Amino acid sequence: MKDAHPPVVVTGAVHAQEAKRQLLELGVEGRILAEPAGRDSAPALLAATLWIARKSPEAIVIAVASDHHIPDSGAFAAAVEAARPAAALGAIVTFGVKPTRPAPGFGYIRPGVPAPGAPDVLEVESFIEKPDRETAAALVSSGCLWNSGNFMFRADTMIAEARKLAPGLVDAVERALPRDDHGDDVLVLAPCFAAAERISIDRAVMERTSRAAVLPIDYAWSDLGSWDAVWGASPSDEAGNAISGDATVAETRDCLIRAEAGARVVALGLRNIAVVARGKDVLVSDLAAAGSLKATLPASIQDDQTEPASPGRSVGLWSHRFESWLTGRALPVWWCFGADHEGGGFHEALSPHFAPLDLARRTRVQARQVFVFANAGRQGWQGPWRAAARHGLEALENGFLRTDGLYRFAAPGPGKTPAEDLAPLYEQAFVLLALAAVTEADRAIEPRSAQRATRLAATIREAFSHRDGGFSADLDGTAFLNDPLMHLFEASIAWLRVGGEAHWRDLAGEIFDLFRRRLFDGEAGRVYEAYDSQWRPLQDTSDDRVEPGHQFEWAWLLTQWAAIDGDQRAADMAQQLYRTGRRGVSLDSGLVVDALNDDLSVARASSRLWPQTEWLRAASTLAGDPGERARELCSAAAAIDRYLLPSGLWRDAPADASSDSDHPAPASSFYHIQGAIEVLRAVAREEAG
């Protein structure tokens, strides 16, 4: 159409760059609105309409789905012109396809009397949801039309009807729209878009409005909603086979064969079959049954709106994938289901069906969740992060704080054991870290956070200081571990980053000095897990292990300290620790194993989630030149991706580690996951310039 404005494309955030590439390839200018999470057609259509209405409220909008196939572009253009007068007069016109057969997979429209001012357009008498085959045949014989799901309307008309029929939906979408485009051609909708109701435009507006009208059309059309439709719309060879990708066929007719990235297909002696292979996922279906695919798939697979993973993707694409998952899935899920909104605090773990597990609630989990939500707010998440951070802080104050000013291991309860009332150093370190994160995000959440942290740091010195330097891991002074010291070091650095007082530098410097002199094995370039009271590595217990995850974690923190203090020794030790950690990356699985022996042979070949995240963080600063860093980050991201679920949950073992899929998601992992995603985002932005 000669007088048409450039299109507005709404797509998932992970597909935005591909949409931009295709527009450039077509030589078409356009604006792309990127969704942080898919919410069905109503929020998407309203986002585009609200954006258009800012500049032209009376603009006539033609809304079409990207997966529809209309081979006769001239016929489509003529239909648009025929619908325009009715749309200009305030009708919301849909295009009703004259059926060629009874199709249970389509919705139907029963047309009524002619609409005012447009002789070819009819008022809609009723919409009929996807019927059974017998009903579909009766609808076709009575003159009903297929509902194509394409629409034409004035922007202000659609907005007014949506405000009347679904006001909450319009408000949610409106809040997510950027205030200005600043000349950008890709605009990412705010994370609060994920809070919009997931609903189709038919259910939200069309089935309830009095302005619905339909233009009957009889040109070829397919919504490509099933693989048999894709086969019918695809070019085929002389045997009727539509083939794409790395595929070889023989003695095969009338089949759809698609071998997507990372897959190869060999088809022999097939008839009327769809074979679609993508990585480790393979679909084999009779073409006639392909329309039943959605009803067959588990909900967890249907909900996966993210781009298929590929180890060879760029850092930027991994960042987009993880960011979309974090803001659109994980953060909303863990606030909705992971928080105990009645009893206070956060649950320790969630089942794959979002049910909380009845486990003792540890201080470290409460503090880590405060840290996660405060950091999410600092990084721009528009969800209820302040409420979540306050929720966790209140729980820490009311259920975990002992009378001596320290925080107990786990919250008291009916089945409380004496061990749960102990106050390990590890728990105190994470409370300090949570308070620093809240202060950095918004001091108004807890105005006393700096005073609380200073008071707790003083109590830690009094309770845990050891005569040979550093701090014991317990109040009895009998356990000496690297892990609690590492997190106390992390908390001190976090307080320095937010402008903390000089005592935080003193604390961080003291821990670094102990690490340099006593914990770090400079000859072997490693840190051990457990030590005796004189900070000598224990040699005669099962704790005499080298954990690659902790090599990476110390390495990352030492690079942060080197940047603050300028001590080159910290940077040199970080490099040594990174190399030792890399010895723990299995050549077979591509995953970081849990533990090594003293000779760096594998002690535990299992691979938990958290070491993969620490590998990524350390690689961001220690992996070498930019090319090597990118390769290493993508490998670590691919490792992490094997643990994450589309639902916003995760497993603590890789998804292909066993056939048992009923693994709970431990809340404690969120702190590690978010840290990795934050680092990946920073590198992606650096690479993008």
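The values are calculated or read from the model by the stated rules, or taken from the named source; none is laboratory data. In this text the structure is predicted, and so the values were computed from the model without any measurement. Note: ideal-geometry Cβ built from the backbone for every residue, glycine included; neighbour counts use all protein chains shown. Surface accessibility is based on the protein's heavy atoms, side chains included, excluding ligands, DNA and RNA. Shrake-Rupley method; radii C 1.70, N 1.55, O 1.52, S 1.80 Å.
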Legend entry - Number of the condition not met by S66 [criteria: (1) within 20 Å of M206 (Cα to Cα); (2) in contact with a Ser or Thr (Cβ under 7 Å, 6 or more places away or on another chain); (3) open to solvent by 20 Å² or more (accessible area, probe 1.4 Å)]: (2)
Inset, instruction - Scan (1) touching a residue at least 24 places away in the same chain (Cβ under 8 Å); (2) open to solvent by less than 30 Å² (accessible area, probe 1.4 Å) for the single condition D228 breaks and write down its number. - result: (2)
Inset, instruction - Restrict the check to the stretch 129-138 and report whether at least one residue is touching a residue at least 40 places away in the same chain (Cβ under 8 Å) and surrounded by fewer than 22 Cβ atoms within 10 Å (Cβ to Cβ). - result: no
Legend entry - Among (1) in a helix (DSSP H, G or I); (2) free of Cβ contacts under 8 Å to residues at least 24 places away in the same chain; (3) open to solvent by 50 Å² or more (accessible area, probe 1.4 Å), the one test that G74 misses: (3)
Legend entry - Residue selected from the stretch 497-527 under the condition surrounded by fewer than 17 Cβ atoms within 10 Å (Cβ to Cβ) and among the small types (G, A, S), by the criterion nearest to D572 (Cα to Cα): G522
Legend entry - Test result for R608, open to solvent by 50 Å² or more (accessible area, probe 1.4 Å), of a type outside the set (A, V, I, L, M, F, W, C) and within 25 Å of the chain's Cα centre (by Cα): yes
Legend entry - Enumeration of residues in the stretch 266-301 that are surrounded by 15 or more Cβ atoms within 10 Å (Cβ to Cβ), at pLDDT below 90 and out of contact with any helix residue (DSSP H, G or I) (no Cβ under 9 Å at 6 or more places or on another chain): A277, R278
Legend entry - Selection count where residues are free of Cβ contacts under 8 Å to residues at least 60 places away in the same chain and open to solvent by 50 Å² or more (accessible area, probe 1.4 Å), scope the stretch 82-101: 4
Inset, instruction - Answer yes or no: is there a residue in the stretch 105-117 that is free of Cβ contacts under 8 Å to residues at least 40 places away in the same chain, open to solvent by less than 50 Å² (accessible area, probe 1.4 Å) and closer than 18 Å to D218 by Cα. - result: yes
Legend entry - Single unsatisfied condition, I460 versus (1) open to solvent by 10 Å² or more (accessible area, probe 1.4 Å); (2) among the aliphatic types (A, V, I, L, M); (3) within 20 Å of Y531 (Cβ to Cβ): (1)
Legend entry - Residue match in the stretch 106-114 (condition: at pLDDT 90 or above, hydrophobic (A, V, I, L, M, F, W, C) and either under 10 Å from M152 (Cα atoms) or more than 38 Å from the chain's Cα centre (by Cα) (or both)): yes
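Where in the stretch 117-210 are there strands (runs of 3 or more DSSP E), lying fully within it, with 3 or more residues that are aliphatic (A, V, I, L, M) and under 15 Å from A47 (Cβ atoms)?
Correct list: 186-188.
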Legend entry - Matching residues in the stretch 335-392 - criterion: being among the small types (G, A, S), over 23 Å from E323 (Cα atoms) and open to solvent by 20 Å² or more (accessible area, probe 1.4 Å): G343, G344, A355, A360
Inset, instruction - Looking only at the stretch 1-37, count how many residues are touching a residue at least 12 places away in the same chain (Cβ under 8 Å) and over 24 Å from I92 (Cα atoms). - result: 15
Legend entry - Single match in A450, A524, A473 (criterion: among the small types (G, A, S), under 37 Å from the mean Cα position of the chain (by Cα) and closer than 30 Å to A636 by Cβ): A473
Legend entry - Criterion: open to solvent by less than 40 Å² (accessible area, probe 1.4 Å) and either modelled with pLDDT of 90 or more or over 27 Å from G112 (Cα atoms) (or both) - qualifying residue of A196, A160: A196
Inset, instruction - Those residues that are surrounded by fewer than 22 Cβ atoms within 10 Å (Cβ to Cβ) and touching a Phe, Trp or Tyr at 6+ places or on another chain (Cβ under 9 Å), I need them from the stretch 592-605; list them, please. - result: D598
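Could you tell me which of the residues R617, R579, R631, R685 is in a helix (DSSP H, G or I), charged (D, E, K, R), in contact with a Phe, Trp or Tyr (Cβ under 9 Å, 6 or more places away or on another chain) and open to solvent by 10 Å² or more (accessible area, probe 1.4 Å)?
Numbers: R579 fails: in contact with a Phe, Trp or Tyr (Cβ under 9 Å, 6 or more places away or on another chain); R631 fails: in contact with a Phe, Trp or Tyr (Cβ under 9 Å, 6 or more places away or on another chain); R685 fails: in contact with a Phe, Trp or Tyr (Cβ under 9 Å, 6 or more places away or on another chain).
Exactly one of R617, R579, R631, R685 is in a helix (DSSP H, G or I), charged (D, E, K, R), in contact with a Phe, Trp or Tyr (Cβ under 9 Å, 6 or more places away or on another chain) and open to solvent by 10 Å² or more (accessible area, probe 1.4 Å), namely R617.
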